[in-house]
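Working notes for the structure below.
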Amino acid sequence: MLPPKAKKVPKIRNLHNDKFVDNYFWLRDKSNPDVISYLEAENAYTKEMTAHTEEFRNKLYEEMKSRIKETDLSVPVKKDQYYYYHRTEEGKQYRIYCRKKDNIDAEEEVILDVNKLAEGKDFFMIGTYNISPNHKLLEYSSDINGSEQYTIHIKNLEMGELLPDEIPNTYYSVEWGNDNKTLFYTVLDDARRSYKLFRHTLGTDYKEDVLIHHEKDEAFFVDLLKTKSKKFILLTLHSMNTTEVHYLDADNPMSQFQIIQPRQRKIEYEVEHRGSRFYIVTNDNATNFKVMEAPTDNPSRENWKEFIPYNPAIKIDFVECFANYIVVHERQNGYKQIRIINMNDNSTHNVEFPEPVYSYFSNLYPDYNSNILRFTYSSLITPQSVFDYNMKTGSRELRKQYEVLGGYDPSLYESKRVYATASDGKKIPISLLFKKGTMQNGKNPLLLYGYGSYGATIDPMFNSNRFSLIDRGFIFACAHIRGGGSMGRTWYEDGKLLKKKNTFTDFIASAEYLITEKYTNSDKLTAMGGSAGGLLMGAITNMRPDLFQAVVAQVPFVDVINTISDPSLPLTVIEWDEWGNPRDKEFYKYMRSYSPYDNIEPKKYPKMLITSGLNDPRVSYWEPAKFTAKLRELKKDDNILLLKTNMGSGHAGPSGRYNYLKEIAFEYAFMSDQQGFKE
């Protein structure tokens with residue numbers, strides 16, 4: 001079967017007197033039947049070219065599914081007199097949310113069965129899920145096509161019925177006032193930016209809701225958060241590098257939000273509450289952040305006092321406030337760590353972790369008065385393990401380690417951290433996972449994963465799916481490259497704007513290191529990344545196509561200049577602080593030098609699988625479509641090139657845990673097939 005050929009419709013692009021032709025600009029028009037026909041032709045081609053892997057894909061899917069305890073439940077969380085949890089049932093795609101009253105052995109009450117809500121729908125996703133303070137009402141929101149535009153619903157838990165209140169076009173921020181009848185929520189503008197905050201009173205028409213804040217600066221998002229103390233609702237207005245926080249007494253939801261500190265460019269801060277004080281994590285004269293405190297009755301900046309002084313060696317991520325403790329979540333030498341401060345005697349201690357390569361995430365235990373800190377520990381080898389840590393005694397209780405079925409034995413595997421040297425001498429951490437006994441002989445297939453944007457960190461967490469590769473001889477490697485936040489805020493700053501290329505050269509240096517140290521060779525090396533990590537994939541295939549045997553680019557952001565030049569597109573204006581504004585000639589010239597779509601050349605490229613979602617609001621489907629079409633036009637090789645577009649989903653791919661596994665199986669089968677694996 002011959003690959004599809006997208007028609008060429010020349011469109012002249014001219015910016016800063018740089019005039020060139022974009023033959024595939026027309027693919028942006030989703031209403032054009034020719035666009036859908038092209039995407040469907042690419043899908044048909046992908047299906048045909050991977051038909052021989054169907055049996056292997058099915059085997060991988062069944063293998064990955066067999067490791068999951070399909071009927072399982074989460075660790076219950078006590079909120080007042082109720083224990084809340086969610087569970088899954090074998091054969092069902094989605095969670096079932098439940099609670100029990102007074103006693104963990106009491107009769108179960110099903111609050112929300114997402115499987116029933118999703119019946120007859122190709123896609124279904126829960127966005128927000130909030131129990132009212134009196135536990136009588138549930139707010140939840142749903143998305144039915146992957147566009148991340150959610151509709152709010154209110155369920156009366158005593159009657160088991162939905163209230164008539166229904167609010168469309170909302171986002172991920174919804175909070176209850178403490179009166180149990182007031183909701184605050186955010187809505188989206190045409191660019192998919194949460195830009196307005198509304199107050200809704202139950203039983204009224206949402207069209208009459210009161211507008212509380214309209215954020216007119218297109219670089220700013222509007223977000224909401226209730227403090228752990230339940231005393232305040234925080235309105236956070238933030239861009240990529242600037243923050244402004246307002247607070248409202250949650251007991252008086254009809255009162256006015258008050259400002260803590262007006263926005264000042266490149267000054268960021270986050271707020272938590274304890275007693276009569278706000279605790280403020282800020283980068284004001286502190287690149288890696290410090291913690292200040294201020295009185296709740298007058299928290300403006302002139303009243304801020306230092307609580308945790310700045311330490312350039314430690315990046316403070318956030319603080320968690322309890323009645324008697326403050327928990328500091330921080331990062332040092334690339335590793336996350338937890339510091340506990342006892343506010344009764346000012347003593348401090350750190351939580352110890354048992355492995356050299358690990359991570360954790362906080363479960364944000366809701367009981368403000370508790371001595372218990374709940375977190376989930378994990379490593380590349382150790383499955384997710386939920387701990388309750390007693391901050392008073394220092395003891396910990398393992399509440400649950402999620403089972404990996406099918407005879408998983410962690411003693412068969414090894415993980416470690418190694419360091420590549422970047423072109424400017426920086427040491428790039430790489431986390432490795434492999435089967436014990438694997439030889440460094442240069443013959444191992446290796447999957448190298450990377451992201452490297454927005455300061456996001458890809459920490460070494462457990463993923464049972466990976467063992468379908470590891471058990472077949474693969475090594476898994478994650479390069480903690482600049483642009484991410486592994487090594488602190490400077491690590492991020494050194495991989496953005498006019499330093500963005502460090503992200504790509506760090507990844508290339510990591511690949512070269514793994515080859516030099518004989519973990520693999522270029523004929524055995526597969527690269528993978530998604531979204532902004534898909535930009536990374538596009539850039540490294542243009543820069544060093546000889547280095548990789550195969551590349552998997554998931555929903556890749558590859559048409560950088562066209563997207564970042566167009567403020568009408570979702571999130572573009574907000575992104576200028578990450579990538580630069582191409583209307584500025586200096587930024588344009590720099591972006592032009594690495595934008596994957598604009599740097600495709602007539603040369604040989606690796607074998608490639610490119611994925612997208614038709615309803616993706618973050619990376620428009622046409623970016624991977626255009627990238628594929630131009631590659632087909634220019635590349636000088638017979639290497640396989642596949643585009644797979646999910647026609648009914650968005651950025652995260654299909655919903656449902658089984659559908660998700662099928663996507664992973666497809667990608668694993670592709671990369672395994674390139675290595676000659678048949679089963």
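Quick notes on this structure:
- Boolean, N463 is under 18 Å from S359 (Cα atoms), in the same structural domain as D494 (by TED's automatic domain parsing) and surrounded by fewer than 17 Cβ atoms within 10 Å (Cβ to Cβ): yes
- Candidates I308, I267 - the one that is over 22 Å from M343 (Cα atoms), of a type in the set (A, V, I, L, M) and modelled with pLDDT of 95 or more: I267
- Qualifying residue in segment 577-594 (condition: on the phi > 0 side of the Ramachandran plot and either in contact with a Lys or Arg (Cβ under 9 Å, 6 or more places away or on another chain) or of a type in the set (A, V, I, L, M) (or both)): yes
- Flag for E578 being more than 25 Å from L446 (Cα to Cα), in the same structural domain as T520 (by TED's automatic domain parsing) and part of a loop (DSSP other than H, G, I, E, B): no
- Test result for G495, within 18 Å of L536 (Cα to Cα) and either in contact with a helix residue (DSSP H, G or I) (Cβ under 6 Å, 6 or more places away or on another chain) or surrounded by fewer than 24 Cβ atoms within 10 Å (Cβ to Cβ) (or both): yes
- Where a residue in segment 81-106 is on the phi > 0 side of the Ramachandran plot and its partner, wherever it lies, is not hydrophobic (A, V, I, L, M, F, W, C), with Cβ under 6 Å and at least six apart: D102/Q81
- Residues that are without any contact (Cβ under 8 Å) to a residue 40 or more places away in the chain, over 30 Å from T88 (Cα atoms) and in contact with a Lys or Arg (Cβ under 7 Å, 6 or more places away or on another chain) number at least 1 in the following strands (runs of 3 or more DSSP E) confined to segment 394-473: 413-421.
- Residue in segment 1-34 that is surrounded by the fewest Cβ atoms within 10 Å (Cβ to Cβ), counting only those that are of a type in the set (A, V, I, L, M) and under 21 Å from P596 (Cα atoms): I12
- Residue in segment 287-304 that is under 23 Å from D367 (Cβ atoms), assigned by TED's automatic domain parsing to the domain that holds L234 and crowded, with 19+ Cβ neighbours inside 10 Å present: no
- When residues in segment 620-639 are screened for being part of a loop (DSSP other than H, G, I, E, B) and within 29 Å of the chain's Cα centre (by Cα), 2 of them pass.
- Residue check for M537: under 26 Å from D616 (Cα atoms), in contact with a Gly (Cβ under 6 Å, 6 or more places away or on another chain) and modelled with pLDDT of 95 or more: yes
The values are calculated or read from the model by the stated rules, or taken from the named source; none is laboratory data. Bear in mind the structure is a predicted one, so any value in this text is a computation, not a measurement. As a convention, Cβ positions derive from the backbone with ideal geometry for all residues, glycine included, and neighbour counts pool all protein chains shown.
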